[in-house]
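**Student:** Could you have a look at this structure, given as structure tokens, before my questions?
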Amino acid sequence: MRGSTRTLTLSLSKGGRAAVGLVVTIGLSVGCKQAPRIPPPRLGFSAASFDRQRDLEQRFRSSVSVEELGKFHAMVTREPHMAGTDGSRVVATRIAQALRDAGLDVETIEYQAYLSYGKAITVDIVAPVATKLRVTEPASPLDRDTSHPQLGPGFVAYSASGDVTAPVVYVNYGLPEDYAQLAAHNVDVRGKLALARYGHSHRAVKLHTAERAGAAGILIYSDPADDGFVRGETWPKGYWRTQDQLQRGNGKYSWFWHGDPLTPGVPALENAARQDAARAPTLPRIPAAVLAWGEAKKILERLDGAPAPSGFRGGLPITYRLGGAAARARLRVEMDNGLRTIRDVIARVPGARRADREVILGTHHDAWTFGGVDPGTGTAALLELARTLGALRRGGWQPQRTITLAFWDAEEFGLIGSTEYAEDRRQALRDGAICYVNTDLYMNGRLDAGGTPSLRDFVVEVAKDIPEGSGTMYDGWIGSRGPDGQDRRDGADLKALGSGADFVPFQDYVGLPTLSIELTATGGYTYGPYHSNYDTRFFVEQVADPGFRGGAQLVRMLGTTALRLGESQVLPFRFSHYARKLKDFIDAASTWGGGEDRRGMMAVDLTALREAAARVAEQAKSVEDRLDDRLATSNLPASQIDRANDLLARLEQRLLDEDQQWYRHVIYGWNIYSLYDGQPFPGLAEAIRVRDAERARKEAARITAAIDRLNAGLHEVAELLR
Ligand SMILES: [Zn+2]
């Protein structure tokens with residue numbers, strides 16, 4: 001039984017709905033004398049159809065195997081396989097073969113992406129004492145993989161090439177407020193080498209802020225206060241980074257557009273029109289490199305100048321100083337940039353009734369090095385899902401709708417494989433895709449889910465149906481709010497999706513309902529070997545998921561989600577919760593204009609926005625009541641339900657602003673100054689951040705118009721089911 005917590009009582013208003021339903025049922029059943037109807041057992045299913053569904057889901061879940069999952073993991077983590085290299089081609093070929101062996105229909109799609117590798121990178125201290133710094137990671141005898149001959153130095157993809165010798169300035173996280181503090185201390189960053197620590201923003205943002213401040217280059221390191229011994233046990237026993245492990249990654253300015261940096265809005269095919277790399281806004285103009293803290297410390301302890309303000313101090317036993325004079329370093333970066341072939345591998349179980357409607361689950365297969373966790377865990381989980389779905393298909397089962405499993409390439413270079421596919425198939429996705437579900441990686445911990453609010457009630461139901469320990473996966477999820485005093489009455493919520501994984505093009509460019517379903521461990525998504533030579537199978541077997549039991553649970557969650565979206569009679573989207581989230585966002589936005597010191601309070605009138613959100617709440621309720629009544633009475637004429645399903649699946653698209661080049665979602669975006677977090681009302685937030693009242697007024701009107709479009713769509717569904 002569901003509804004045992006206040007969450008569901010609140011969110012599904014079961015009691016109220018049943019009462020309304022009763023009236024309607026009596027109205028409809030004149031002359032056919034029915035008993036008062038029972039609410040549908042699960043969103044989107046009549047009682048009879050859920051009986052069959054329950055059996056199917058149980059068969060699926062019991063067929064998930066930790067042994068098979070572990071074999072898939074070994075298969076995709078055997079050698080380094082950075083996108084565009086031969087290693088990546090080999091892994092893509094193995095994945096395609098495994099999917100065919102599983103009995104799925106497989107397609108490999110190639111694009112020509114502009115990728116960026118480090119060719120020659122050196123970092124040297126030149127004063128006060130000449131010291132060569134290491135930009136590679138020493139191998140460890142504990143993990144044979146770390147001595148693999150194909151492993152190269154750490155580098156920042158899309159860094160400019162250059163040779164800079166300059167004084168070093170410590171810029172903390174490299175956030176705008178950090179540069180404001182430096183200015184307040186009269187530290188001039190122009191022409192200097194910025195030394196920034198990882199955390200609080202994507203590394204590309206650190207490059208961008210350094211570039212804007214006039215720095216000649218940037219070095220980025222992981223401080224133990226953010227990712228190291230200060231946080232907890234380090235590799236190989238725990239999740240945190242050692243003094244030798246550095247973090248690679250891309251420095252592409254993806255807030256202009258994601259995917260290939262030279263082909264916004266069109267697939268990066270052989271003959272695509274490409275921007276000039278010398279002028280593309282997505283590419284940094286200063287050289288950058290990454291260091292492990294063991295090396296960065298050699299610079300930090302030699303910095304002179306004023307002691308750093310308290311917010312700048314990391315976890316090393318030294319006095320952090322701002323620098324800028326005596327300590328000088330030389331950064332030399334030579335990049336190898338060019339078009340390389342990348343390969344998306346797509347597998348399908350075609351739908352029996354609506355092969356042209358699909359639920360898509362995706363992960364990536366390229367890795368900076370071995371991809372033990374990132375993305376080996378996610379790739380292995382999706383391969384095990386393919387194997388189990390294939391076994392069901394061999395046994396004669398076919399879903400109602402197509403279930404598609406996608407293995408994207410070049411995610412690490414900025415979501416390139418997924419974005420090029422979304423740009424390539426945009427119209428087909430808008431017409432036929434009902435949901436995109438992403439899993440980048442997992443670590444054996446609690447369920448962590450994010451996505452579109454219309455899927456919240458659905459994900460809650462699924463999580464409650466998957467046994468775990470003495471409870472269900474839902475218990476772990478709701479527990480993840482922790483003892484921090486957060487309001488739990490509302491139960492689990494989906495976090496707003498920002499950036500950092502392959503859901504972005506589907507949410508922000510295509511406008512699909514989107515989910516991210518993963519498991520996280522103690523440090524959230526931070527873990528020591530992340531983007532290091534040490535992200536290997538050894539680390540997964542030692543720490544991240546010994547025995548692959550977490551992975552098996554994740555496969556059960558993903559598969560149950562896919563089976564339900566693939567089989568439900570009515571799509572399980574609920575917009576009451578969306579209306580509530582809109583109201584929450586408006587409440588939050590009404591405080592944004594204040595500024596930290598309440599200086600020059602900027603008033604933005606949000607009344608029209610509030611009224612629009614209230615109309616959505618009302619309309620959503622009547623749609624939900626009508627849909628549940630139809631399911632309860634099995635009054636489901638196929639053509640009408642097909643039309644209602646298409647309307648429901650495409651409601652999210654009404655929240656896009658089609659005039660925008662790439663980031664089109666009006667409600668959701670990416671807050672680049674807080675790492676990967678989702679930013680509600682991104683346009684309005686930016687207008688208020690830069691204190692532009694006229695722009696803020698226009699943004700509020702743009703959001704109101706989008707919410708009104710959503711409301712009109714809900715009205716169409718309600719009328720259809722009248
Ligand atoms: Zn990843």
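**Student:** Filtering region 660-692 down to residues that are within 18 Å of the chain's Cα centre (by Cα) and part of a helix (DSSP H, G or I), which residue is modelled with the lowest pLDDT?
**Tutor:** Filtering first and then ranking leaves S674.
**Student:** If you take the residues in region 347-402 that are closer than 14 Å to V106 by Cα and out of contact with any strand residue (DSSP E or B) (no Cβ under 6 Å at 6 or more places or on another chain), which one is nearest to the ligand (Cβ to nearest atom)?
**Tutor:** L383
**Student:** At pLDDT 95 or above, open to solvent by 40 Å² or more (accessible area, probe 1.4 Å) and part of a loop (DSSP other than H, G, I, E, B): which single residue out of N172, N186 fits that description?
**Tutor:** That would be N186, the only listed residue that is at pLDDT 95 or above, open to solvent by 40 Å² or more (accessible area, probe 1.4 Å) and part of a loop (DSSP other than H, G, I, E, B).
**Student:** Determine whether region 701-722 contains at least one residue that is more than 27 Å from K252 (Cα to Cα) and assigned to a loop (DSSP other than H, G, I, E, B).
**Tutor:** The answer is yes; a qualifying residue exists.
**Student:** Residues in region 490-516 that are of a type in the set (A, V, I, L, M) and either within 14 Å of the ligand (Cβ to nearest atom) or open to solvent by 20 Å² or more (accessible area, probe 1.4 Å) (or both): how many?
**Tutor:** 3
**Student:** Among the residues of region 204-212, are any touching a Lys or Arg at 6+ places or on another chain (Cβ under 7 Å) and surrounded by fewer than 16 Cβ atoms within 10 Å (Cβ to Cβ)?
**Tutor:** no
**Student:** Would you say L563 is within 16 Å of the ligand (Cβ to nearest atom) and farther than 21 Å from A83 by Cβ?
**Tutor:** It is false that L563 is within 16 Å of the ligand (Cβ to nearest atom) and farther than 21 Å from A83 by Cβ.
**Student:** Which of (1) open to solvent by 10 Å² or more (accessible area, probe 1.4 Å); (2) within 23 Å of G713 (Cβ to Cβ); (3) not in a loop (DSSP other than H, G, I, E, B) does Q569 not meet, given it meets every other one?
**Tutor:** (3)
**Student:** Here is a follow-up. Among the residues in region 502-518, are any among the hydroxyl-bearing types (S, T, Y), within 26 Å of Q660 (Cβ to Cβ) and at pLDDT below 95?
**Tutor:** no
**Student:** Another question about this same structure. Pairs please, first residue from region 570-583 and under 15 Å from A706 (Cβ atoms) and of a type outside the set (K, R), second anywhere and in a loop (DSSP other than H, G, I, E, B) and open to solvent by less than 10 Å² (accessible area, probe 1.4 Å), Cβ atoms under 8 Å, 6+ apart in sequence or on different chains.
**Tutor:** Short answer, once both residue conditions are applied: Y578/T452; L582/I667.
**Student:** Let me ask something else about it. Would you point out the residue of region 332-380, among those that are basic (K, R) and closer than 30 Å to Q398 by Cβ, that is surrounded by the fewest Cβ atoms within 10 Å (Cβ to Cβ)?
**Tutor:** R353
**Student:** Could you check region 435-452 and list, in sequence order, the residues that are within 14 Å of the ligand (Cβ to nearest atom) and buried (at least 24 other Cβ atoms within 10 Å of the Cβ)?
**Tutor:** The answer is N438, T439, L441, Y442, M443.
**Student:** Out of E423, E411, which single residue is charged (D, E, K, R), out of contact with any helix residue (DSSP H, G or I) (no Cβ under 6 Å at 6 or more places or on another chain) and farther than 22 Å from L519 by Cα?
**Tutor:** The unique qualifying residue is E423.
**Student:** Further, regarding this structure: Within region 271-308, how many residues are surrounded by fewer than 22 Cβ atoms within 10 Å (Cβ to Cβ) and part of a strand (DSSP E or B)?
**Tutor:** Summing the residues that are surrounded by fewer than 22 Cβ atoms within 10 Å (Cβ to Cβ) and part of a strand (DSSP E or B) in region 271-308 gives 1.
**Student:** Quick check on region 513-534. Is at least one of its residues in a loop (DSSP other than H, G, I, E, B) and under 23 Å from F681 (Cα atoms)?
**Tutor:** yes
**Student:** Cβ-Cβ under 8 Å, sequence separation 6+ or interchain: first residue in region 375-402 and outside any helix (DSSP H, G or I), partner among the basic types (K, R) and at pLDDT 95 or above. Which pairs?
**Tutor:** Every condition considered, the pairs that remain are Q400/R353; Q400/R354; R401/R353; R401/R354; R401/R357; T402/R348; T402/R354; T402/R357.
**Student:** Restricting to region 129-160, count the residues that are surrounded by fewer than 19 Cβ atoms within 10 Å (Cβ to Cβ) and in a helix (DSSP H, G or I).
**Tutor:** Total satisfying the criteria: 2.
**Student:** Test D424 against the criterion of being away from the ligand (no atom under 16 Å from the Cβ), modelled with pLDDT of 95 or more, open to solvent by 10 Å² or more (accessible area, probe 1.4 Å) and closer than 28 Å to R89 by Cβ, and give yes or no.
**Tutor:** When the stated conditions are applied, D424 passes them.
**Student:** To continue, here is another question. Within the bounds of region 334-342, is there any residue that is of a type outside the set (A, V, I, L, M), at pLDDT below 95, more than 16 Å from the ligand (Cβ to nearest atom) and assigned to a strand (DSSP E or B)?
**Tutor:** No, that holds for no residue.
**Student:** Separate question: Test G396 against the stated conditions and say whether it is under 26 Å from A160 (Cβ atoms) and open to solvent by 10 Å² or more (accessible area, probe 1.4 Å).
**Tutor:** no
**Student:** Let me ask something else about it. When only residues in region 94-114 that are under 12 Å from I342 (Cα atoms) and of a type in the set (V, I, T) count, which is surrounded by the fewest Cβ atoms within 10 Å (Cβ to Cβ)? So that I can check it myself, show each step before the final result.
**Tutor:** First, the residues of region 94-114 that are under 12 Å from I342 (Cα atoms): 108-114.
Narrowing further to those that are of a type in the set (V, I, T): 108-109.
On the way: T108: 16, I109: 18.
Checked region 94-114; the qualifying residue surrounded by the fewest Cβ atoms within 10 Å (Cβ to Cβ) is T108.
**Student:** Looking at region 309-324, which of the residues that are assigned to a loop (DSSP other than H, G, I, E, B) and under 15 Å from V171 (Cβ atoms) is nearest to the chain's Cα centre (by Cα)? Before you say what the answer is, go through the steps one by one.
**Tutor:** Filtering region 309-324 for residues assigned to a loop (DSSP other than H, G, I, E, B) gives 309, 313-320, 322.
Now drop any that are not under 15 Å from V171 (Cβ atoms), which leaves 309, 313-314, 320, 322.
Working: P309: 33, R313: 30, G314: 28, Y320: 34, L322: 34 Å.
In this case the residue turns out to be G314.
**Student:** How about region 54-74: which of its residues are of a type outside the set (A, V, I, L, M) and open to solvent by 10 Å² or more (accessible area, probe 1.4 Å)?
**Tutor:** Answer for region 54-74, where residues must be of a type outside the set (A, V, I, L, M) and open to solvent by 10 Å² or more (accessible area, probe 1.4 Å): R54, D55, Q58, R59, R61, S62, S63, S65, E67, E68, K71, F72.
**Student:** So, one more: For region 228-263, how many residues are farther than 21 Å from G524 by Cβ and not small (G, A, S)?
**Tutor:** Of the residues in region 228-263, 12 are farther than 21 Å from G524 by Cβ and not small (G, A, S).
The values are calculated or read from the model by the stated rules, or taken from the named source; none is laboratory data. Remember, it's a predicted structure, so these values are computed and weren't measured experimentally. In this analysis, Cβ positions are derived from the backbone assuming ideal geometry, glycine residues included, and neighbour counts consider all displayed protein chains. For accessibility, only protein heavy atoms count, side chains too; no ligands or nucleic acids. Shrake-Rupley method; radii C 1.70, N 1.55, O 1.52, S 1.80 Å.
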